[in-house]
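Here's the structure, in structure tokens; my notes come after.
Values quoted throughout were computed directly from the atomic coordinates according to the rules given, and no laboratory measurement underlies them. Nothing here was measured: the structure is a model prediction, and the numbers come from that model. Virtual Cβ from ideal backbone geometry, glycine too; neighbours counted across all protein chains shown.
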């Protein structure tokens with residue numbers, strides 16, 4: 001009985017130790033496995049950790065570099081924008097100075113055209129420029145020095161840009177207006193010249209007699225009107241020179257027309273008693289050439305010069321009786337006959353409208369009247385065509401008196 005119990009005790013002890021032995025064996029195996037893994041794979045793990053850190057650092061540095069590049073780009077764009085704006089402002093100021101120079105030159109032409117160098121109908125084209133005054137009333141119209149540093153206020157920069165746009169638009173408008181006005185001046189000068197040439201033609205005079213070509217001046221060729229396109233092709237200064245010469249030619253022609261005997265020799269209304277040409281002579285009753293016009297007039301009525309000129313004769317002249325002859329240049333002369341009294345002397349210069357004597361009936365005359373002649377190169381021509389040409393210039397104050 002006792003043996004059985006001891007054997008049973010000795011057999012149960014190993015059974016209780018088996019779980020502990022298994023657990024110890026498992027721990028030993030885990031430890032040895034971990035130690036073996038660390039020994040075998042330590043370098044690889046460390047390498048992965050280091051690589052991950054390097055990648056993170058590189059990504060961070062790339063991000064920083066990108067941000068810095070954006071900042072530098074924004075600064076560069078700002079500097080370029082300021083430089084571009086400053087260049088635009090300087091360009092606008094230079095353009096304004098050029099337009100002011102042009103306007104001063106154009107105003108000189110306008111003054112010349114508007115103060116009597118052209119007929120009144122042509123001076124309508126020479127009205128001064130209005131509505132395009134040059135002002136500096138916005139930030140964009142200041143001096144370039146104000147653009148040397150960036151504006152800290154974006155709103156101020158936008159206002160400046162807007163002001164510059166307005167200035168550029170106004171300068172563009174002024175430039176266009178100047179070109180258009182130059183064209184109008186050209187058309188006005190051409191209108192005046194055409195009208196004066198028509199007067200000369202109506203008087204039966206070759207215009208070359210009044211305005212011979214200057215030395216070296218081109219003559220002949222087709223007439224090409226100066227329109228806005230032709231002037232624009234010459235550039236403003238070239239067009240200005242062309243229009244200036246055109247106005248100068250108009251002045252010369254106007255002065256020459258002013259020297260023509262286009263006015264009436266008597267003031268007020270007067271009628272003809274005998275025209276120019278063949279007629280029955282009042283003394284012989286035969287056909288004879290009447291070399292002038294006979295105007296009915298009261299005895300003692302003033303006889304007046306019909307153009308500025310110089311007295312070449314002032315004396316008794318046979319059938320003319322008391323006669324005054326005036327020379328007007330260009331081969332033109334006028335005669336006044338049958339005067340009761342002469343009030344000028346040879347060599348005296350007279351203006352158009354000056355009294356040269358008084359109506360009478362001296363010489364070969366049948367009663368008080370004024371005998372009036374117009375001569376070209378010594379040959380008598382019909383004065384009536386000069387007087388009719390003069391009536392077409394009503395309202396035009398001709399040069400020379």
Subject >> Peptides ranked, highest mean first, by Cβ atoms within 10 Å: ranges 189-199, 371-381 >> reply: 189-199, 371-381
Original post:
Among 316-329, 82-95, what's the highest-first ranking by average C-beta atoms within 10 angstrom per residue?
Top reply: 316-329, 82-95
**OP:** Would you kindly calculate the translational diffusion coefficient of the stretch 272-391, applying Stokes-Einstein with the Kirkwood radius from alpha carbon pairs, for 4 °C and a viscosity of 1.567 mPa s, and quote it in µm² s⁻¹ without decimals?
**Re:** 91 µm²/s
Subject >> Efficiency of FRET from Cβ geometry, residue 56 and residue 30, R₀ 30 Å, rounded to 0.05 >> reply: 0.35
